[in-house]
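Structure first, then comments.
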């Protein structure tokens, strides 16, 4: 008899569970975290700010919804902004700006068709 692959998926984490996991990893590693957001408009920052002892590991966020803010504040190279390169440059910009050890640059790629048209 052959075992069938499981069709069950892991349940998604709640925002609170994810924030707790990030908090634990940040504290264990002694890392300070920053976030650059765009289309989530501050939702990731809000989630992380609720993490345990966030004031010890969470540096803050820049919500750069407008392209010009991405270019001027975060140092993103002018051009298309719904790209992996833009997300990486947003992360690097906020890491540098907020003097963090680790940074996340967020863009929602699924919305690129709307943004392009």
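Can you give me the distance in nm between label points at residue 14 and residue 56, each placed 7 Å from the Cα along the Cα-to-Cβ direction?
2.3 nm
Please work out the FRET efficiency for the pair residue 68 and residue 43, using the Cβ-Cβ distance as r and a Förster radius of 30 Å; give the result to the nearest 0.05. Walk me through the intermediate numbers first.
Working: r = 22 Å, r/R0 = 0.72.
So the FRET efficiency works out to roughly 0.90.
If we count other beta carbons within 10 Å of each Cβ, what is the order of 65, 58, fewest first? Before the final figure, lay out the partial values.
On the way: 65 12, 58 23.
Least crowded to most crowded, the residues run 65, 58.
Eigenvalues of the Cα gyration tensor times 5, then square-rooted: what semi-axes does that give for region 15-116, in whole angstrom, largest first? Walk me through the numbers before you get to the answer.
Working: eigenvalues 121, 43, 20 Å².
Three semi-axes, in Å: 25, 15, 10.
Out of all DSSP beta bridges with both ends in region 15-116, state the antiparallel percent to the nearest 5. Provide the component values of the computation, followed by the final result.
Numbers: 0 of 9 bridges.
Taking every DSSP beta bridge with both residues in region 15-116, the antiparallel ones total about 0 percent.
Every number in this text was worked out from the coordinates using simple rules, so none of it is lab data. Since we're looking at a predicted model, the values are computed, not measured. Positions of Cβ are generated from backbone atoms using ideal geometry, with glycine treated the same way; all protein chains shown enter the neighbour counts.
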